[in-house]
Amino acid sequence: MSLGITHKPKVVVGLSGGVDSSVAAYLLLAQGYEVIGLFMKNWHDDSVTISNECPWLEDSNDALIVAEKLGIPFQTIDLSATYKERIVDYMFAEYAAGRTPNPDVLCNREIKFDVFMQVALGLGAEYVATGHYCRKETTTDDRGVTTQHLLSGLDLNKDQSYFLCQLNQDQLAKSLFPIGSLQKSEVRAIAKAQGLVTAEKKDSQGLCFIGKVRLPDFLQQQLKPNPGRIVEISRDHAVYGDSFTGHIQDLEQAQKASVSCSYTPEMGVDKGAHNGAHYFTVGQRKGLDVGGTPLALYVLDTDVVQNVIYVGQGSDHPGLWRKALKISGHEMHWVRPDLALSPGQSLEVSARIRYRQPLQQAVIWRAEFDYFLSFSQPQSAITQGQFAALYLGQELIGSGVIAR
């Protein structure tokens, strides 16, 4: 359906070479926008990609074919220098510090909706559009204050609002998400009906805008192997005796429940060697190369200073479960700044600590400087460096980096 107006708003679509952004561009054209397609090249090193594939070249060719089919201008822009500075260097630093980063979240905040958006605005565009499965609504109150609302995609199996949890009001005001109200099956059907080359193309499984990359190989570019010990902690160890298991009713209890266990090698049994604690993350099961235990071993904690990995048997090991987490004040971000808490305040929310996790009932508490997120049910593998995203109903209102 056309906009029915003389002025055609100009929008730049981040054409990734996938079906979602292809259909996003088609829908905007059908709605009467002036559409430009841009492909971002963010990585040059093909030595860590999966064998016999050159994903960025293949994807850019597909994006070009889609643009030609739709009859829209197209170009490729090279943002690799900025990507390395803001994303790749950040990843290496986080892993080296024993944290597990989420580059996709940072890529959206720092690249797609910052550097890329500035390029688009420089081309005279009013908006940037992507193929994310999420929605945006804009409201204006009685005082004339306009608020952008970031909402979950209607296809709950594909909802990608989590990846946009660090966007701000200015970025959202200039963003469009054309496929957010569609199911994935509907998107593929539209692409097929329009004869788009990406209609049956599989979804990318790689790092954001890099492609299909072997993460261990990628990390080993700068994080060199450093052999160390694997120590197993028994599930009935006394260290778990003080774990908070009750109903969290106040800030003090949330702070107590957020404290993770402190392990030492003397607490457990030596189970073998690893090639570097910085390669592992809490909750990880594969890659330990340790056998002979009745139940599978899971990573409970990593100590990159002593270069020790602590593991425990079974997915129900008490070392994997906690009822609260901490977010440092400087790493808390409000998508809805009008909902930001003052010290001593709290807010009932739904939350997720990783992509695709079902929303969990929770409370966010504000201390003097920091925040504490408590859950009604214990959470498995709370991981430093990941993002905890907060929701009110279907609206994502804020997020923060998990400090512990």
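The values are calculated or read from the model by the stated rules, or taken from the named source; none is laboratory data. Predicted model, so just to flag it, every value in this text is computed and none were measured. All Cβ positions, even for glycine, are placed from backbone atoms using ideal geometry, and neighbour counts span all protein chains on display. Accessible surface areas use protein heavy atoms only, side chains included; no ligands, DNA or RNA. Shrake-Rupley method; radii C 1.70, N 1.55, O 1.52, S 1.80 Å.
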Please list the radius of gyration and Dmax for the stretch 61-146, considering alpha-carbon atoms only, with Å as the unit. 17.2, 50
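Quote the charge dipole size of the chain about the Cα centre in Debye, to the nearest 20; the model charges only the Cβ of Lys and Arg (+1) and of Asp and Glu (-1). Write down the numbers at each step before the final one.
Numbers: 37 positive and 44 negative charges, 99 e Å.
In debye, rounded to 20, the chain gives about 480.
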For the stretch 357-398, what size does the Cα cloud have along each of its three principal axes, sorted from largest down, in whole Å? 29, 24, 20
Please list, or write none, the lysines whose alpha carbon is within less than 22 Å of the alpha carbon of K192, excluding same-chain residues fewer than 8 places away. K69, K158, K184, K201, K202
Using a 7 Å offset from the Cα along the Cα-to-Cβ direction at both R143 and K286, what is the distance between the two label points in nm, to one decimal? 5.2 nm
FRET efficiency for K192 and K10 from the Cβ-Cβ distance with R0 = 22 Å, rounded to 0.05, comes out at 0.20
When 1/r is averaged over all different Cα pairs and the result inverted, which Kirkwood radius in Å belongs to the stretch 23-170? 17.5 Å
Considering the dipole of the chain built from charges on the beta carbon (Lys and Arg +1, Asp and Glu -1) around the Cα centre, which of H317, Q345, I364 is farthest to its positive end? H317
In what order, largest first, do K224, K158 sit by accessible area if the probe radius is 1.4 Å? K224, K158
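Can you tell me the length gained on complete extension of the stretch Q345 to K69, counting 0.36 nm per residue apart and subtracting the Cα distance?
Taking 0.36 nm per residue and subtracting the Cα distance, the gain is 94.0 nm.
Relative contact order (percent) for the stretch 135-182, with alpha-carbon contacts under 8 angstrom and 6 or more residues of separation? Numbers along the way, then the final one.
On the way: 52 pairs, mean separation 19.2, N = 48.
Relative CO of the stretch 135-182 lands at 40 percent.
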Debye calculation, C-alpha points only, no solvent: report log10 I(q)/I(0) for the chain at q = 0.11, 0.14 Å⁻¹, in the same order as the q values. -0.88, -1.29
Value of [θ]222 nm, deg cm²/dmol, for the chain, DSSP H segments ≥ 4, -39500 (n - 2.57) each, nearest 500: -5000 deg cm²/dmol
Proximal lysines to K271, defined as alpha-carbon separation beneath 28 angstrom and excluding residues fewer than eight positions away on the same chain: K224, K286
Length gain on complete extension for the stretch Q118 to S315, per 0.36 nm per residue less the alpha carbon to alpha carbon distance? 66.4 nm
How much length would be gained if the chain were fully extended between E58 and A367, taking 0.36 nm per residue of separation minus their Cα-Cα distance, in nm to one decimal? 106.3 nm
Take every Cα pair under 8 Å in the chain that's 6+ residues apart, average their separations, divide by the length, and report that relative contact order as a whole percent. 16 percent
Taking a straight Cα-to-Cα line shorter than 17 Å from K174, and setting aside same-chain lysines fewer than 8 residues away, one finds K8, K10, K112, K136
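Find the Rg to Rh ratio for the stretch 104-262, where Rh is the Kirkwood radius over alpha-carbon pairs and Rg uses the same atoms.
On the way: Rg = 22.4 Å, Rh = 20.4 Å.
A ratio of 1.10.
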Please work out whether the stretch 212-282 counts as rounded, prolate or oblate from its C-alpha gyration tensor, where a ≥ b ≥ c are the square roots of the eigenvalues and a/c under 1.5 means rounded, while otherwise a/b larger than b/c means prolate and anything else oblate? oblate
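Calculate the all-directions average of the projected area of the stretch 243-319's alpha-carbon convex hull, and give it in nm². Each step should come with its number before you reach the end.
On the way: hull surface 24.5 nm².
Computing the convex hull of the Cα atoms and averaging its projections yields 6.1 nm².
Under 1.5 on a/c is rounded, so check that first for the stretch 116-181, then, if it is not, pick prolate when a/b is larger than b/c and oblate when it is not; a ≥ b ≥ c are the square roots of the alpha carbon gyration tensor eigenvalues. Don't skip to the answer; put the middle values down first.
On the way: a/c = 2.05, a/b = 1.11, b/c = 1.85.
Verdict is oblate for the stretch 116-181.
With Cβ to Cβ distances under 12 Å as the rule, what net charge do the other residues near D78 carry (K, R +1; D, E -1)? Intermediate values should be presented prior to the final figure.
Working: positive: K41, K84; negative: none.
Net of charged neighbours comes to +2.
Roughly how many Å² is the accessible area per residue of the stretch 80-139, as a whole number, for a 1.4 Å probe?
Numbers: 2080 Å² over 60 residues.
Averaged over the residues of the stretch 80-139, the accessible area is 35 Å².
Share of antiparallel DSSP beta bridges in the chain, in percent to the nearest 5? Intermediate results must be reported in sequence, preceding the final value.
Details: 52 of 71 bridges.
Close to 75 percent.
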Cα lying deepest toward the dipole's positive end in the stretch 255-404, options Q284, G393, S374, charges on Cβ: G393
So, with +1 on the Cβ of K and R and -1 on the Cβ of D and E, and no other charges, what is the size of the charge dipole of the stretch 67-219 about its Cα centre, to the nearest 20 debye? 440 debye
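Based on alpha-carbon positions alone, could you give the equivalent ellipsoid semi-axes of the stretch 284-396 from the gyration tensor, as √(5λ), descending, whole Å? Can you show the working numbers first?
Details: eigenvalues 195, 49, 27 Å².
Rounded to whole Å, the semi-axes are 31, 16, 12.
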Report relative contact order for the stretch 254-384 in percent, whole number only (criteria: Cα-Cα under 8 Å, sequence separation at least 6). 26 percent
At q = 0.25 Å⁻¹, base-10 log of I(q)/I(0) for the stretch 89-136 (Debye sum, equal scatterers on each alpha carbon): -0.91
